[in-house]
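Participant: My structure is below; once you've seen it, I'll send some questions.
The values are calculated or read from the model by the stated rules, or taken from the named source; none is laboratory data. Worth saying up front: this structure is predicted, and the values here are computed from it rather than measured. Quick reminder, even Gly has a Cβ in these numbers, built from the backbone with ideal geometry, and neighbours come from all protein chains shown.
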Amino acid sequence: MSKDNRNICESKIFEAIYNAYAKDIRRFLFYKTQDLDKAEDILQEVFIKLWENCNKVDHDKVKSYIYSIANNMFLNEVKHQKVVQNYNKYNKNESTNESPEFIMLEKEFLEKLESTIATLPEKQREVFLMNRIEKKKYKEIALHLDISVKAVEKRMHQALVVIRKEIGDV
């Protein structure tokens, strides 16, 4: 074990590592998850894992280590979500009174909506998801993104125009 390995376990060194990489890891995770809360949760888990293994990590390889952990945790989350979706899908089909045609149309609509949202430019997608999924008001979004409310309104309008064009009124 080199001297650098012990340094990571010192709170000041660990804090410096956190300050240096947390913002970039958060962006990396948000890009992958498209969910700010999920990205933040995984980010915290990454640094917990780093702290737990601080004696084993070479200081010169910290960046690649935490990116690897972040990516692996994201992939684990995706696998978990697939299991949850399959479970919900199985139970939903068993317990609904909806016709198979309705279920199929609903599934097709949701797939088209998700793919359309995924094709939106990042800034529009971010505003759309924060407003429609996270239920944030324009003012909250503007504060969070450090932009004006008018900019939020414009991005939301542009996103809705694209979505309406692709799938009709939302």
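Participant: Kindly check whether there is at least one residue in the stretch 76-86 that is in a helix (DSSP H, G or I), at pLDDT below 90 and closer than 30 Å to Asn7 by Cβ.
Facilitator: Among the residues of the stretch 76-86, at least one is in a helix (DSSP H, G or I), at pLDDT below 90 and closer than 30 Å to Asn7 by Cβ, which makes the answer yes.
Participant: Does any residue of the stretch 36-50 turn out to be more than 20 Å from the chain's Cα centre (by Cα) and either over 22 Å from Lys136 (Cβ atoms) or aromatic (Phe, Trp, Tyr) (or both)?
Facilitator: Among the residues of the stretch 36-50, at least one is more than 20 Å from the chain's Cα centre (by Cα) and either over 22 Å from Lys136 (Cβ atoms) or aromatic (Phe, Trp, Tyr) (or both), which makes the answer yes.
Participant: All but one of (1) in the same structural domain as Phe14 (by TED's automatic domain parsing); (2) modelled with pLDDT of 85 or more hold for Tyr90, so report the exception by its number.
Facilitator: The one condition Tyr90 does not meet is (2).
Participant: I've got another one for you. Exactly one of (1) at pLDDT below 90; (2) surrounded by 12 or more Cβ atoms within 10 Å (Cβ to Cβ); (3) of a type outside the set (Val, Ile, Thr) is unmet by Phe28. Its number?
Facilitator: (1)
Participant: Considering Val78, Val84, which residue is among the β-branched types (Val, Ile, Thr), more than 20 Å from Arg26 (Cβ to Cβ) and without any contact (Cβ under 8 Å) to a residue 24 or more places away in the chain?
Facilitator: Exactly one of Val78, Val84 is among the β-branched types (Val, Ile, Thr), more than 20 Å from Arg26 (Cβ to Cβ) and without any contact (Cβ under 8 Å) to a residue 24 or more places away in the chain, namely Val84.
Participant: Considering only residues that are touching a residue at least 12 places away in the same chain (Cβ under 8 Å) and among the aliphatic types (A, V, I, L, M), look in the stretch 134-149 and name the one that is surrounded by the fewest Cβ atoms within 10 Å (Cβ to Cβ).
Facilitator: Across the stretch 134-149, the extreme among qualifying residues is Leu145.
Participant: Looking at His59, is it surrounded by 14 or more Cβ atoms within 10 Å (Cβ to Cβ), modelled with pLDDT under 90 and farther than 28 Å from Glu166 by Cα?
Facilitator: Taking the combined requirement at face value, the residue satisfies it.
Participant: Scan the stretch 127-169 residue by residue and report those that are part of a helix (DSSP H, G or I), at pLDDT below 90, under 19 Å from Phe30 (Cβ atoms) and not hydrophobic (A, V, I, L, M, F, W, C).
Facilitator: Answer for the stretch 127-169, where residues must be part of a helix (DSSP H, G or I), at pLDDT below 90, under 19 Å from Phe30 (Cβ atoms) and not hydrophobic (A, V, I, L, M, F, W, C): Arg132, His144.
Participant: Can I ask one more? Would you mention how many residues in the stretch 4-23 are of a type in the set (Asp, Glu) and surrounded by 14 or more Cβ atoms within 10 Å (Cβ to Cβ)?
Facilitator: 1
Participant: With the checklist (1) in the same structural domain as Glu45 (by TED's automatic domain parsing); (2) modelled with pLDDT of 85 or more; (3) of a type in the set (Val, Ile, Thr) in hand, flag the one item Thr119 doesn't pass.
Facilitator: Of everything listed in (1) in the same structural domain as Glu45 (by TED's automatic domain parsing); (2) modelled with pLDDT of 85 or more; (3) of a type in the set (Val, Ile, Thr), Thr119 misses just condition (1).
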